[in-house]
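Heads up: the structure comes next, in structure tokens.
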């Protein structure tokens, strides 16, 4: 079971969540910046990247902030996402989650960042800006 106290850091900048048609290769604009994520499934390429890099004609949802859960996290630990997502759900904060081998990233809308930070700190988590 997860320790009740976790540390999250807010990454610099704003991010967009984009939906691209399935195509070979990843557009160059995706990989500019300190953080991006690419997922291919049946029929689409989902991308999270710096908002300022996304061409205006791209299908996207803008205005996301990214919170990085301090890792690395062991695969045998249970309840990590529940410890983070439950307080956010209780506070009415919508999320978009990205998992990597090392850690988890929780995306929240910029307008909800203060509410998200408050909900997490009230549960004993530390949020570094």
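Only one entry in 74, 61, 57 is farther than 19 Å from residue 12 by Cβ, in contact with a strand residue (DSSP E or B) (Cβ under 8 Å, 6 or more places away or on another chain) and not in a helix (DSSP H, G or I), namely 61. Out of everything in the stretch 77-129 that is in contact with a helix residue (DSSP H, G or I) (Cβ under 8 Å, 6 or more places away or on another chain), free of Cβ contacts under 8 Å to residues at least 24 places away in the same chain and under 20 Å from residue 5 (Cβ atoms), what residue ends up being surrounded by the fewest Cβ atoms within 10 Å (Cβ to Cβ)? Here the residue is 97.
Looking across the stretch 86-104, the residues that are closer than 12 Å to residue 67 by Cβ, at pLDDT 95 or above and not in a helix (DSSP H, G or I) come down to 93, 95, 96, 97, 98. Take residue 47 and tell me if it is within 20 Å of residue 99 (Cα to Cα) and not in a strand (DSSP E or B). Considered against the rule, which asks whether it is within 20 Å of residue 99 (Cα to Cα) and not in a strand (DSSP E or B), residue 47 comes out as no.
Take the conditions (1) more than 17 Å from the chain's Cα centre (by Cα); (2) surrounded by 16 or more Cβ atoms within 10 Å (Cβ to Cβ); (3) at pLDDT below 90; residue 73 misses just one of them, which is (1). Quick one: would you say residue 51 is touching a strand residue (DSSP E or B) at 6+ places or on another chain (Cβ under 6 Å), under 19 Å from residue 127 (Cβ atoms) and touching a residue at least 24 places away in the same chain (Cβ under 8 Å)? Considered against the rule, which asks whether it is touching a strand residue (DSSP E or B) at 6+ places or on another chain (Cβ under 6 Å), under 19 Å from residue 127 (Cβ atoms) and touching a residue at least 24 places away in the same chain (Cβ under 8 Å), residue 51 comes out as no.
The values are calculated or read from the model by the stated rules, or taken from the named source; none is laboratory data. Being a predicted model, the structure only gives us computed values, none of them experimental. Glycine also receives a Cβ, built like all others from the backbone with ideal geometry; neighbour counts cover every protein chain displayed.
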